[in-house]
Each structure stands twice: as C-alpha cells, then as structure tokens.
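Enquirer: Quick one: the structure is below, questions incoming.
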Amino acid sequence: MALQDLLEVVPAGSEERSLVQAIDWTRLPRHVAVIMDGNGRWARQRHKRRVEGHRAGIDSVRDVVETSARLGLEVLTLYAFSVENWKRPPTEVRTLMGLLKHYLRMELDTLLRNDIRFQVIGRMEDLPGDVQKELERGMERTRHAKGLVFNIALNYGGRAEIKDAVQQLLADVVANGQDPSSITEEAISARLYTAGLPDPDLLIRTSGEMRISNFLLWQIAYSEIWVTEVLWPDFRRRHLLQAIADYQKRDRRYGGIGGA
Ligand code: FPP
C-alpha cells in the first residue's frame, strides 16, 4: 500500500490531509508498538461499565490496523493483555477474551483481503482453549500474507519473554558445548517472540501514563516514545499520523552525537 491508499480515505482539506502531507514517506517507522491504555477511564467518564471501554477500544484497533496497512508499515504490535492482567475481575478478563474472539471472527476476511499477517506474542498456551483455537485459526489463515505483520501481545510479559529466551539459549549453549562468552545480543533477539522482526522504532502509549509496563523490554532499547493524553477508545488515524509526523522530527542518535 502507499500514499494513494491513504489519500483515498482522507478527505481533501481536512486536518488529516495536512498530516498525511507532512509525512516523509521515505522515513516511515518500520515497526510501531502501542500500549493501549485508558479504556476504563473512558468508560467511567461516560458512567458506563469498564467493559464498555474495552468494547469501544475495538474500533480504535480496527482504525489503527487499517491505517498501518495503508501506510505500508512493516509491523504493528498492540499490547492487549499482560501477564499481570489476570488480576482484574474475572468478568472483565472473560469480556476481554470474548472481544478478542469476536474481533478475529469479524476481521479475518479484512485481514486476508489486505494481506495482513496476524500473529500472537505471549504465553498463548495459558489462554482459554476456545480463544487459543480462534487465534490459531487467524494465524494459520493469514500465514502467507506479505503485507503488514500485526502482532497482538496476549498474556505477554517482557521479563518472562527474556527469561524464556535466556533459558533456551543456555540450553543450546550447554548442548553444543559452547563457551558462555559466545553469547551475542543477536542470539538473544533470535529467541524472543519477535525473532526476525525489526525492533519498534516508535512506541506509543495512550492515556498519558509515563510507564513501559513490562512491554517489549529488550526490543524498545532505542525506540522513540510518544505519549498522548487521548484515551484508547478515542484514538484514531489522525493520532497515529501525528505520532509518526512527530517521530520524524526526532534526532535518533543511538548513543552517538547525531548527524546535524
Ligand atoms: C487498557 O485499558 C486496555 C486493555 C488492558 C485492553 C485493551 C483491549 C482492547 C482494546 C480490546 C481487545 C483487543 C484487541 C486487540 C482486539 P485499562 O482497562 O487499563 O484502562 P484504565 O487504565 O483507564 O483503567
């Protein structure tokens, strides 16, 4: 997809159109990761139950996935459920799982039509059986897609991911009689859920919180962080475009002194 795909859905003369025009198409982030936050507060402000906030958040997911594909991003990773989220009331957890299933059933055809590869990162094996089945189906059906890789982080924890990777790596090192000094950063990256994918260039967090919340701890070493007060159910295409336009103004130095 390309500029034309986005212009098709962005009305001429709108604020979104100026944002699209402000974006440098040769310097798009390859991977955008999002901590979706603020569903509960969105619901509270409207005197609704928390789960209504999650339900409304599905529209934002749809909008952001579509925009990412139209922009031609390589990877989009959304943080939907952390290893800590099991502490929430059982009814909320059940609703979140139900919404995921519903989302996949409703969106699978759209994902396929837009050449989007769906993947889960996290300990999928601990999720309810029916949810696992739906997720497996989504991954299997979109396996050959060549466009956007759409990762959903589910039962995900950054520390748990690194611990699992280190355990695997040590087992390999011992089995091959290698010296511990042969361990490289690449060898660790290759054992994470995101193996083979570029690290996030841009990490977005909604609802104004300034935390990483155990998300992609290894992979975000050099990510640019963009935080907005907007609550996730209100997050739309224009916010993603704004984040990318702002990202492009940053001077990424990776510990060096920059090119200016
Ligand atoms: C954070 O809001 C949001 C979540 C923990 C879940 C996000 C899930 C969805 C939008 C629905 C399902 C997802 C997909 C990918 C189909 P919060 O409850 O922590 O809000 P609060 O901080 O205001 O309480």
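Enquirer: Output the residue which, of all residues in the stretch 70-81 that are open to solvent by 10 Å² or more (accessible area, probe 1.4 Å) and either within 15 Å of the ligand (Cβ to nearest atom) or over 13 Å from the mean Cα position of the chain (by Cα) (or both), is farthest from Arg159 (Cα to Cα).
Expert: Arg70
Enquirer: Oh, and also: Filter the stretch 41-55 down to the residues that are open to solvent by less than 90 Å² (accessible area, probe 1.4 Å) and farther than 12 Å from Asp234 by Cα, then identify the one that is farthest from the ligand (Cβ to nearest atom).
Expert: Glu52
Enquirer: Out of (1) within 14 Å of the chain's Cα centre (by Cα); (2) away from the ligand (no atom under 16 Å from the Cβ); (3) within 30 Å of Val51 (Cβ to Cβ), what's the single condition that is false for Tyr193?
Expert: It is condition (2) that Tyr193 fails.
Enquirer: State all residues of the stretch 173-208 that are among the charged types (D, E, K, R) and either under 30 Å from Arg238 (Cβ atoms) or open to solvent by less than 60 Å² (accessible area, probe 1.4 Å) (or both); if no residue qualifies, say none.
Expert: Of everything in the stretch 173-208, those that are among the charged types (D, E, K, R) and either under 30 Å from Arg238 (Cβ atoms) or open to solvent by less than 60 Å² (accessible area, probe 1.4 Å) (or both) turn out to be Asp199, Asp201, Arg205.
Enquirer: Further question on the same structure: Looking at the stretch 1-86, what helices (runs of 4 or more DSSP H) fall wholly within it and have at least 1 residues that are among the hydroxyl-bearing types (Ser, Thr, Tyr)?
Expert: By residue number, 15-22, 50-71.
Enquirer: Tell me which residues, restricted to the stretch 29-40, are open to solvent by less than 20 Å² (accessible area, probe 1.4 Å) and within 16 Å of the ligand (Cβ to nearest atom).
Expert: Answer for the stretch 29-40, where residues must be open to solvent by less than 20 Å² (accessible area, probe 1.4 Å) and within 16 Å of the ligand (Cβ to nearest atom): Val32, Ala33, Val34, Ile35, Gly38, Gly40.
Enquirer: Sticking with this structure for a sec: Taking the condition of being within 21 Å of Leu197 (Cβ to Cβ) and within 8 Å of the ligand (Cβ to nearest atom), how many residues in the stretch 82-99 meet it?
Expert: 1
Enquirer: Which condition breaks for Arg211 when tested against (1) open to solvent by 20 Å² or more (accessible area, probe 1.4 Å); (2) closer than 20 Å to Tyr156 by Cα; (3) more than 15 Å from the ligand (Cβ to nearest atom); (4) not aromatic (Phe, Trp, Tyr)?
Expert: The one condition Arg211 does not meet is (3).
Enquirer: Take Val120 and tell me if it is more than 29 Å from Arg253 (Cβ to Cβ), open to solvent by less than 50 Å² (accessible area, probe 1.4 Å) and among the β-branched types (Val, Ile, Thr).
Expert: yes
Enquirer: Is it fair to say Thr26 is among the hydroxyl-bearing types (Ser, Thr, Tyr) and either at pLDDT 95 or above or crowded, with 21+ Cβ neighbours inside 10 Å (or both)?
Expert: Considered against the rule, which asks whether it is among the hydroxyl-bearing types (Ser, Thr, Tyr) and either at pLDDT 95 or above or crowded, with 21+ Cβ neighbours inside 10 Å (or both), Thr26 comes out as no.
Enquirer: Using beta carbons and a limit of 9 Å, which pairs, at least six apart or on different chains, have the first residue in the stretch 237-248 and assigned to a helix (DSSP H, G or I) and the second one among the basic types (Lys, Arg) and open to solvent by 10 Å² or more (accessible area, probe 1.4 Å)?
Expert: From the stretch 237-248, the pairs are Arg237/Arg70; Tyr247/Arg27.
Enquirer: Could you please find all residues in the stretch 1-18 being aliphatic (A, V, I, L, M), open to solvent by 20 Å² or more (accessible area, probe 1.4 Å) and over 30 Å from Ile121 (Cα atoms)?
Expert: Leu7, Val9, Ala12
Enquirer: If you don't mind, there's one more thing I want to ask. If you check every pair at least six apart or on different chains, which have Cβ atoms under 7 Å apart with a residue in the stretch 182-205 that is part of a loop (DSSP other than H, G, I, E, B) first and a residue that is open to solvent by 20 Å² or more (accessible area, probe 1.4 Å) and of a type in the set (Lys, Arg) second?
Expert: Matching pairs, first to second residue: Pro198/Arg30; Asp201/Arg30.
Enquirer: Yes or no: Glu136 within 17 Å of the chain's Cα centre (by Cα) and among the acidic types (Asp, Glu)?
Expert: Against the criterion (within 17 Å of the chain's Cα centre (by Cα) and among the acidic types (Asp, Glu)), Glu136 does not qualify.
The values are calculated or read from the model by the stated rules, or taken from the named source; none is laboratory data. What you are looking at is a predicted structure, and each value in this text was computed from that prediction instead of being measured. Cβ sites come from the backbone with ideal geometry, for glycine too, and all protein chains shown count toward neighbours. These area figures cover heavy atoms from the full protein model, side chains too; ligands, DNA and RNA do not enter into them. Shrake-Rupley method; radii C 1.70, N 1.55, O 1.52, S 1.80 Å.
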